[in-house]
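Below is one structure, written out as structure tokens; comments come after it.
Just so it is clear, none of the values below were taken in a lab; they were calculated from the coordinates. Computed from a predicted structure; not experimentally measured. For neighbour counting, all protein chains shown are included, and Cβ atoms are generated from backbone atoms with ideal geometry for every residue, glycine included.
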Amino acid sequence: MPFTKSSGLTGGSRHYTGEKQPNRKKGSKRAGLPTRLTRGQVADKSEAAAKKTAERRAVADAERAERARQATLRMETSGAGEADDAGWVDIDMDDVMETLGTEQDARDREQQEEARALVQQMMANLQRKDIRDRSNRVQKVINGFRRHREPMTTAFLDWRADPNTRDSPWAQPWTPQEWDQELSVHVVDIFGTQQMTIPMKSGHSQAACFVRMGLFPCTVQVINTVITVRTLELYRNLFLCCPRVGVQAFCSALSDLHFIPRNHNLDALFRTALDAYLDIRANADRRAAAALGRDTPNWRIRNTCPPCQYPLEGEAPLEPGMEVTLDGNNSAKRLDVGSRQTRDDDRKAPGDFYLSRDAVDIWAKENIELLKLEYYRELQSANYAPGAEPHCPDERWKNMQGESDGTGPAGI
């Protein structure tokens with residue numbers, strides 16, 4: 001195997017010029033593939049090599065200075081510079097030091113090239129392992145839209161209140177006054193798509209500017225695709241009429257209407273824009289409820305009068321007032337939750353239709369004894385006494401007695 005040799009302060013080194021190094025003996029510590037190092041190990045080795053090079057250079061400088069001192073001492077003791085019969089001649093020490101310095105610089109450059117080649121070889125064998133799981137990707141998108149929720153809600157209400165823009169086609173968007181920049185985006189509508197240049201005003205939220213034009217962005221960082229409000233509203237109404245209509249089927253229908261191949265990325269973009277659109281609508285409803293004074297806790301149940309609770313004139317008060325049967329959903333409780341990989345999402349259902357998890361956990365099995373104790377205290381403090389037998393003139397109301405015994409009535 002052909003190779004070349006190079007010399008240095010630490011001895012000669014051998015460089016193989018062929019494509020493959022010769023096989024090493026069995027049991028050699030460096031046999032097999034080269035060891036792959038991390039970036040930190042490579043940096044440590046580079047720092048150690050630089051330190052050793054500096055130490056060797058310092059030793060060489062000290063040796064060179066010592067040799068020069070010895071030569072000067074010999075010249076002084078032998079009477080150099082004077083003509084005598086011993087044959088001594090004068091030596092120019094500047095030339096000697098220059099020659100020694102040139103040789104040392106050449107050795108230093110050679111060692112630096114060797115170290116650079118070693119580092120490049122180790123970096124070529126280094127592979128970076130991506131340990132990110134992107135579990136917070138959804139949460140980052142949610143946080144981005146949440147920061148722009150209020151200006152986007154205001155822009156959406158302005159767009160709905162403006163008769164010149166709410167019914168205009170998406171090809172004629174609202175143009176802001178004193179606009180000073182333009183942004184090219186891909187607009188997705190019901191019956192077509194188009195690359196448009198939208199005027200913008202610097203210093204304002206780009207997402208809010210798009211919403212003011214009837215266009216919802218799919219992100220708030222780098223906006224490249226927007227979806228018209230009427231497209232999102234169409235899917236919302238379709239879903240309310242038939243919840244089985246999914247985003248994937250709707251986007252496939254849009255692709256067929258646009259005569260373009262189906263793009264799976266459109267599904268993800270549409271879901272993001274739809275979530276932002278529903279959040280803006282819910283925020284607008286909260287503003288309206290606050291303006292009407294309907295944002296107090298439990299306002300809906302306090303101001304709702306179901307027909308089954310209408311009392312009749314002269315009717316005897318019932319005790320309890322109403323009997324209901326609740327399904328404990330025991331069949332779903334028997335299902336074991338398997339292993340799964342979830343993504344962070346701290347969103348909650350808007351409105352007061354759904355109870356929070358903290359409110360439901362109060363009625364957990366672990367707290368049943370505390371609930372019983374509180375219930376008994378309420379009965380004792382209220383001096384509860386059973387009322388008279390309720391008047392049931394119709395025998396049909398008594399036919400549910402058997403079903404009530406089987407399902408377990410609950411008094412309210």
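List of remarks:
- Residues 301, 227, sorted so that the one with the fewest Cβ neighbours within 10 Å comes first: 301, 227
- Tensor-based shape of the stretch 276-327 (alpha-carbon gyration tensor, a/c under 1.5 rounded, otherwise prolate or oblate): prolate
- For the stretch 137-291, the Cβ-based charge dipole about the Cα centre amounts to some 560 debye (Lys, Arg positive; Asp, Glu negative; other atoms uncharged).
- Added length on full extension, which subtracts the Cα-Cα distance from 0.36 nm per residue, residue 348 to residue 313: 8.3 nm
- Ascending count of other beta-carbon atoms within 10 Å, so fewest first, for 122, 93, 152, 213: 93, 122, 213, 152
- Label point 7 Å beyond Cα of residue 252 along Cβ direction - residues of the stretch 231-245 with amide nitrogen under 13 Å: 245
- All-pairs Cα distance distribution in the stretch 137-291, expressed in whole percent, bin size 10 Å: 10, 41, 38, 10, 1
- With a simple spin-label model that places each label point 7 Å from the Cα along the Cα-to-Cβ direction, the separation between residue 53 and residue 158 comes to 6.1 nm.
- Cβ-based exposure ranking for 365, 45, in which fewest neighbours within 10 Å come first: 365, 45
- Sequence-separation-based contact order of the stretch 137-291, relative, with Cα cut under 8 Å and 6+ spacing, percent: 24
- In this simple spin-label approximation, residue 143 and residue 372 carry label points 7 Å from Cα along the Cα→Cβ vector, and these lie 4.6 nm apart.
- Within the stretch 217-312, chymotrypsin sites (Phe, Trp or Tyr not before Pro) in DSSP loop having at most 14 other beta-carbon neighbours inside 10 Å: 259
- In nm, spacing of pseudo-spin labels at residue 264 and residue 94 (7 Å Cα→C-beta vector): 7.7
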